[in-house]
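Take a look at the structure below.
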Amino acid sequence: MLGPIEAAAAVVPVAYSSRTGAGPVLRHTYGFRGSERDLHRMGLLDAGDLPPLKARVLLVAALWSERDRDAQRRVFAAHALP
């Protein structure tokens, strides 16, 4: 799935989050292909503590309110990162 994810992230903002019961997505722990470091390198938006559904709502709001990729990243940084 990494190829399609990377291709999508090159065209539109893509966010990722954890489906565990609680806790944030890891940020700098692993470096293998598909790890959180690799997802950051691809430009995916880190949803932090947000569960997938809330991350999706935030992504839609960011897409509606901000056209600039850096502004969308700032929206996630302000609302999603712990």
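The values are calculated or read from the model by the stated rules, or taken from the named source; none is laboratory data. Everything quoted here is computed from the prediction, not taken from an experiment. For neighbour counting, all protein chains shown are included, and Cβ atoms are generated from backbone atoms with ideal geometry for every residue, glycine included. Accessible surface areas use protein heavy atoms only, side chains included; no ligands, DNA or RNA. Shrake-Rupley method; radii C 1.70, N 1.55, O 1.52, S 1.80 Å.
Among the listed values [x] 21, 14, 9; [y] 18, 16, 11; [z] 24, 20, 9, the one matching semi-axes √(5λ) of the Cα gyration tensor in Å as calculated from this structure is [y].
Over region 22-64, with every protein chain in place, what whole percent of the accessible area is carbon and sulfur at 1.4 Å, could you tell me? So the carbon and sulfur contribution to the accessible surface is 65 percent. Taking 25 Å as R0, compute the FRET efficiency from the Cβ-Cβ separation of residue 32 and residue 74 and round it to 0.05. Calculated transfer efficiency: 0.30.
Using C-alpha pairs under 8 Å with a sequence gap of at least 6, the mean separation divided by the residue count of the chain gives a relative contact order of 31 percent. Surface exposure of the chain, expressed per residue as accessible area with a 1.4 Å probe, stands at 66 Å².
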